[in-house]
Amino acid sequence: MAADSSLLYAGSAQRYDELLDTTGTVRPHWRGLIEHLTDGGPDAVRRSVELARRLVIENGVTYNVYADPQGKDRPWLLDPLPLLLGAEEWQQLEAGVIQRTRLLNEILRDLYGPQQLLSQGILPPELAYGHPNFLWPAHGLKPLRDVWLYLHAVDLARAPDGQWRVLADRT
């Protein structure tokens, strides 16, 4: 399925395009969704977006920005199109996130165990000891299955060259 990018939007050689490749052709993992969307006619996407927005409001789906002094609940905003990734690209991201999670677990294991990273100067002592959430009483404990890190979320962004970058780890 080739797409005339001038009809869709103006592409840019200065950034990675999620939908179109460098020739203006719809990327393979997007083809099924694009075909489905175009089969419904020109108003299908608009109607679907309006239905989703209405369902969010009718069902009271909200979020709260805790830093907001007014602390108001806001309707959850949905992007009309999901971000689709090809299987190979997803597998690479998955492997990287798993590796990162294992590394962070090992750092925690060391900080609450032998502390070799601190004694060898790989990590500065103030990183652990100066942090208000460092749990002094946990030093020397052995958690079940040696799992120290039970929750890990990675904020990712695609750089203009198409490569993925980690913006933040949430643990």
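See the values below:
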| item | result |
| --- | --- |
| Tabulated pairs, the stretch 50-63, first surrounded by fewer than 13 Cβ atoms within 10 Å (Cβ to Cβ), second among the acidic types (D, E), C-beta under 6 angstrom, 6+ apart or interchain | T62/D73 |
| Among the candidates P69, P80, residue that is of a type outside the set (S, T, N, Q) and surrounded by 12 or more Cβ atoms within 10 Å (Cβ to Cβ) | P80 |
| Test set (1) farther than 30 Å from V147 by Cβ; (2) among the β-branched types (V, I, T); (3) modelled with pLDDT of 85 or more; (4) surrounded by 14 or more Cβ atoms within 10 Å (Cβ to Cβ) - V45 fails condition number | (3) |
| Index of the failed condition, D155 passing every other in (1) assigned to a loop (DSSP other than H, G, I, E, B); (2) touching a residue at least 12 places away in the same chain (Cβ under 8 Å); (3) surrounded by fewer than 11 Cβ atoms within 10 Å (Cβ to Cβ) | (1) |
| Set L104, L108, L123, L118: member being aliphatic (A, V, I, L, M), at pLDDT 95 or above, surrounded by 10 or more Cβ atoms within 10 Å (Cβ to Cβ) and outside any helix (DSSP H, G or I) | L123 |
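The values are calculated or read from the model by the stated rules, or taken from the named source; none is laboratory data. Computed from a prediction, not measured in an experiment: that's the story for all the values here. Glycine gets a Cβ as well: all are built from the backbone with ideal geometry, and neighbour counts include every protein chain shown.
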